[in-house]
Amino acid sequence: MHVVALQFNIAWENKPANFARVRQLLADAAPAKDSLVALPEMFATGFSMNAEAIAEPYGGPTEQFLASTAREFGVCLVAGAAMRGHDGKARNKALVLSPSGELLAFYAKMRLFTPGGEGEHYAAGERSVAFRWGDCTVSPFICYDLRFPEIFRAAVVAHRPELLVVIANFPEKRVQHWIRLLQARAIENQAYVVGANRLGSDPYYAYAGRSVIVDPQGEILADGGDREGCIRAELDLAGLRKYRAGLPFLDDLR
């Protein structure tokens with residue numbers, strides 16, 4: 001299974017500019033067909049608390065862009081967006097679009113970033129999700145979720161994902177936490193982890209990038225450093241399953 005993480009400097013609350021940048025980066029990267037491609041949290045706007053202005057209903061411009069881009073490049077896209085549900089509440093979500101443009105799954109961020117006031121503007125999600133891509137079970141998470149291992153454990157108990165995708169706007173001053181927490185989630189859950197982070201700055205924070213792909217032993221397979229672009233890796237799912245069978249730690253979860 002081929003996975004890709006894309007990182008770039010998100011233009012603040014400028015959806016057309018970010019759509020154009022993502023499309024150009026994907027065109028430059030030319031990902032293999034049927035790859036799973038992860039974009040950062042709120043990729044179209046940045047981590048904005050202006051939910052009234054940026055949150056969209058399903059079928060809105062951001063979902064339409066993701067669907068058309070997934071079709072154009074023949075990939076499965078996992079990307080973050082501020083979405084407004086049928087209840088009228090805005091949520092920070094990860095959307096999953098298939099190469100045919102179908103919305104395969106969506107996940108609402110469960111742990112809202114209290115220091116940034118996120119809970120004052122967005123409603124929290126209530127449960128983990130999983131979807132199948134190719135021969136792999138995948139669970140998406142968003143940024144601050146990473147600091148709460150119990151929600152990853154709950155996903156493993158419920159779904160046994162082999163790939164955890166974390167999309168983020170994780171600040172530069174805590175980037176070493178980002179790397180080490182991604183490695184910890186990989187080791188403790190015997191899973192591959194893809195972390196897609198932004199770089200650049202917004203009116204409140206600076207971001208270092210460092211998107212990474214981590215194997216189940218915690219080893220970094222690819223690191224985006226501090227430059228715009230894509231990283232990629234091929235996941236050895238057969239090897240992962242053999243590792244889990246030989247050391248069935250997950251069977252002892254309570």
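The values are calculated or read from the model by the stated rules, or taken from the named source; none is laboratory data. Keep in mind that what you see is a predicted model, and the values were worked out from it rather than measured. Cβ sites come from the backbone with ideal geometry, for glycine too, and all protein chains shown count toward neighbours. The accessibility values were calculated without ligands, DNA or RNA, using every heavy atom of the protein model including side chains. Shrake-Rupley method; radii C 1.70, N 1.55, O 1.52, S 1.80 Å.
Quick look at the values:
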quantity: Net charge, Tyr192 excluded, C-beta distance under 11 Å - Lys, Arg +1, Asp, Glu -1; calculated: -4
quantity: Backbone N under 20 Å from the Glu72 label point (7 Å along Cα→Cβ), restricted to region 29-62; calculated: 29-46, 59-62
quantity: Net charge, Met83 excluded, C-beta distance under 9 Å - Lys, Arg +1, Asp, Glu -1; calculated: +1
quantity: Cleavage-rule hits (chymotrypsin sites (Phe, Trp or Tyr not before Pro)) in region 160-254: DSSP loop, at most 14 neighbouring Cβ within 10 angstrom; calculated: Tyr204
quantity: Cut-off 12 Å between beta-carbons: net charge of the residues surrounding Glu228, Lys and Arg +1, Asp and Glu -1; calculated: +1
quantity: Other-chain or far-sequence residues with amide H under 5 Å of Phe47's (modelled H); calculated: none
quantity: DSSP beta bridges in region 91-216 [antiparallel fraction, %, rounded to 5]; calculated: 60 percent
quantity: Dipole magnitude (debye, nearest 20) for the chain, charges at Cβ of Lys, Arg, Asp, Glu; calculated: 220 debye
quantity: Nitroxide proxy distance, nm - points 7 Å out along Cα→Cβ at Ala27 and Ser201; calculated: 3.0 nm
quantity: Modelled FRET efficiency - R0 41 Å, Asp251 with Arg227, Cβ distances, 0.05 increments; calculated: 0.50
quantity: Sequence-distant residues sharing a close amide H with Gly229 (under 5 Å, placed H); calculated: Gln7
quantity: Apportionment of accessible area to carbon and sulfur, the chain, percent (1.4 Å); calculated: 51 percent
quantity: Long-range HN-HN contacts of Trp133 with modeled amide H, under 5 Å; calculated: Val138
quantity: Charge dipole (the chain, unit charges on Cβ, about Cα centre) - positive-most of Ile213, Leu164, Pro57; calculated: Leu164
quantity: Per residue accessible area of the chain, 1.4 Å probe, in Å²; calculated: 41 Å²
